[in-house]
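The values are calculated or read from the model by the stated rules, or taken from the named source; none is laboratory data. Note that the structure is a prediction, hence the values are computed from the model and not measured. Neighbour counts run over all protein chains shown; Cβ positions are idealised from the backbone, glycine included. The area values use the complete protein model at the heavy-atom level, side chains included, leaving out ligands, DNA and RNA. Shrake-Rupley method; radii C 1.70, N 1.55, O 1.52, S 1.80 Å.
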Amino acid sequence: MSDLRELYQEVILDHAKKPRNFHTMPDSAHAADGHNPLCGDRLRVFVRVENGVIEDVSFTGSGCAISTASASMMTEALNGKSLADAQAIFESFHNLLTTGNHADKDEELLGKLAVFGGVREFPVRVKCATLAWHTLQAALQGSAAPVKTE
Amino acid sequence: MAVTTVKSTRGQGSPTPLAPAFSPDDIRGDFPILQLTAHGRRLAYLDNAATSQKPQAVIAAITRFYNSQNANIHRGVYQLSMEATATYEAARERVRQFINATDSREIVFVRGATEAINLVATSWGGANVRSGDEIILSTLEHHSNIVPWQMLAKRAGAVLRVIPINDVGELCLDEYEKLLNPRTRLVAITHVSNALGTINPVQRMVRLAHAAGALTLVDGAQSVPHLPIDVRAIDCDFFVFSGHKICGPTGIGVLYAREPILQAMPPYQGGGDMIETVTFDQTTYAPAPQKFEAGTPNISGALGLAAALDYITGIGLDRIGGYEQQLLLYAQEKLTRVKGLKIVGTAAEKAAVISFVLAYAHPHDVGTILDGQGVAIRTGHHCCQPVMDRYGIPATARASLAFYNTREDVDQLVLGLEKVKEVFG
Ligand SMILES: Cc1ncc(COP(=O)(O)O)c(C=O)c1O
């Protein structure tokens, strides 16, 4: 049960119920679709970049609490960040979920995203937490093929 | 047929007069795994449609084989090999009896339902399905009864037709009749839906297919563990199932095919054991079923499956089915009282499978929280994406019951759902 509380932290539940930046971006320069066949999560991530800076990022779709909250918190974390910072944050986030090793620099980069640390105890759910991030990367790379986490 | 047996024991749950009433308490001790705990709690294993647990008798049969009977089959003149061959062939005869096939030569051992369907699609389909021919499937099919036909259709230029379902998850039989036509080569349908539990009227559907000149394949992966099967009464041309869903080991399954059809089919894989004579110019094949069992088969798996069928027969599928129907009613009654819960698939004829969604939580989160409560259920699309699409949902949570499940298991599930509500409600 303690693990479950670690997984479903208040912040995560709040974002799952009321996702932020949950809308399309019709004139957006980049968008990509992500799909997690295991749970049927489907996300579309929109991102607008100007001069190497993420000016706006949003998402739509449906998924489990972990993938929805992760997408929502990703959009909050990345607004206004440079592409290089965004990449560094993603790497720290990935470390947090998979290895649990993180240095002080990661803690700084992660900020609120650290609440996803509990996901590490649930290996099958790691894909839920990273879906939005992989989808964002695809959007930034202008990849047309939908992202799959399997 | 099987379906009527289940129906007669449904309702007030009066057991059949001849057999003593079934109680899971009498047999739970046969299953070592049911004695385990999960996350410090009693394990409520409710994922039986994915795979069943194994009784000690099956585990012992496999151990006994490796301890004292192991040898390759069909090739030794020494005692051990001859005994292994005899035991393997006895397992084939055991399967024949269990599904009431005419002859044990109609029983091919394969890895499972999936391989059996691929065998038919490749061998029979390759020889008989031509451009413009049609194959009828249903919306309820498991991916394993879709993809092999899709692959065949692509190779042969054939067309797949799909029987739709109604809102409760039953096949629309009038639509089915309209789909049948002189170009229909095969109707391949599941006996019981693994996603919704629907029991399909296969006997009637086979009759209609035959009247249209088509052959029939019945996917028995989910029916064999719950209903007595008589392939001659169903009158299907092919019947497939997996050992692991009926208390047997993984890696063993069965293809039944009517003998003349099977003998006429070209080989599936080439290799040892499936030949009569081999030269570099030409090979002549052994008759079925050996023709379809290239290479060393899963001998211990076949013995384990035979032990499982003995075990199930010892209890009696009538009693198993009757008990499961009572437990299904109990579970459905309890679950419909859970606020925000909707059961997906409420066919009049249903096996003990309950797919459901909660208004306030995604199935995947439901599964994770229930796991923490010692409750093992399945979440996702259950290899039935067309069913999910039909209902416009990405996934369901699914509790699938077996005869060793108890009301306590169901209560633990319901309590676990309270926990889900606590977190998400
Ligand atoms: C209806 C149905 N058909 C076929 C299969 C495939 O069985 P296997 O994976 O054992 O080959 C399953 C397994 O879930 C099933 O439920």
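Taken over the stretch B:76-96, the residue count meeting the criterion of being surrounded by 13 or more Cβ atoms within 10 Å (Cβ to Cβ) and not in a helix (DSSP H, G or I) is 1. When the strands (runs of 3 or more DSSP E) confined to the stretch B:126-209 are screened for residues that are within 15 Å of the ligand (Cβ to nearest atom), those reaching at least 2 such residues are found at B:134-138, B:184-190.
Pull up the stretch B:328-346, narrow it to residues that are closer than 18 Å to B:N194 by Cβ and in contact (Cβ under 8 Å) with a residue 60 or more places away in the chain, then point me to the one that is surrounded by the fewest Cβ atoms within 10 Å (Cβ to Cβ).
B:T346
Note on the stretch B:283-358: no enclosed strands (runs of 3 or more DSSP E) hold 3 or more residues that are closer than 24 Å to B:S104 by Cα and in contact with a strand residue (DSSP E or B) (Cβ under 7 Å, 6 or more places away or on another chain).
Just one of (1) touching a residue at least 40 places away in the same chain (Cβ under 8 Å); (2) at negative phi; (3) not aliphatic (A, V, I, L, M) trips up B:T368, so point out which. Among (1) touching a residue at least 40 places away in the same chain (Cβ under 8 Å); (2) at negative phi; (3) not aliphatic (A, V, I, L, M), B:T368 violates only (1). May I ask you to verify whether A:H94 is without any contact (Cβ under 8 Å) to a residue 60 or more places away in the chain, open to solvent by less than 10 Å² (accessible area, probe 1.4 Å) and not in a loop (DSSP other than H, G, I, E, B)? It is false that A:H94 is without any contact (Cβ under 8 Å) to a residue 60 or more places away in the chain, open to solvent by less than 10 Å² (accessible area, probe 1.4 Å) and not in a loop (DSSP other than H, G, I, E, B). Of all the residues in the stretch B:376-415, those that are within 14 Å of chain A (Cβ to nearest Cβ) and either within 25 Å of B:K54 (Cα to Cα) or assigned to a loop (DSSP other than H, G, I, E, B) (or both) number 15.
For the stretch A:67-81, the set of residues classified as in a helix (DSSP H, G or I) and more than 19 Å from A:F122 (Cα to Cα) consists of A:S72, A:M73, A:M74, A:T75, A:E76, A:A77, A:L78, listed by residue number. Kindly provide the set of residues from the stretch B:111-132 that are surrounded by 24 or more Cβ atoms within 10 Å (Cβ to Cβ) and aliphatic (A, V, I, L, M), ordered by number. Passing the criteria: B:A113, B:A116, B:I117, B:L119, B:V120, B:A121. State whether one or more residues within the stretch B:305-319 are out of contact with any helix residue (DSSP H, G or I) (no Cβ under 6 Å at 6 or more places or on another chain), in contact (Cβ under 8 Å) with a residue 40 or more places away in the chain and surrounded by 24 or more Cβ atoms within 10 Å (Cβ to Cβ). There is no residue in the stretch B:305-319 that is out of contact with any helix residue (DSSP H, G or I) (no Cβ under 6 Å at 6 or more places or on another chain), in contact (Cβ under 8 Å) with a residue 40 or more places away in the chain and surrounded by 24 or more Cβ atoms within 10 Å (Cβ to Cβ). Residues in the stretch B:99-115 that are within 7 Å of the ligand (Cβ to nearest atom) and of a type outside the set (D, E, K, R): B:G112, B:A113, B:T114.
If you go through the stretch B:248-283 and pick out every residue that is away from the ligand (no atom under 16 Å from the Cβ), crowded, with 16+ Cβ neighbours inside 10 Å and of a type in the set (G, A, S), you end up with 1.
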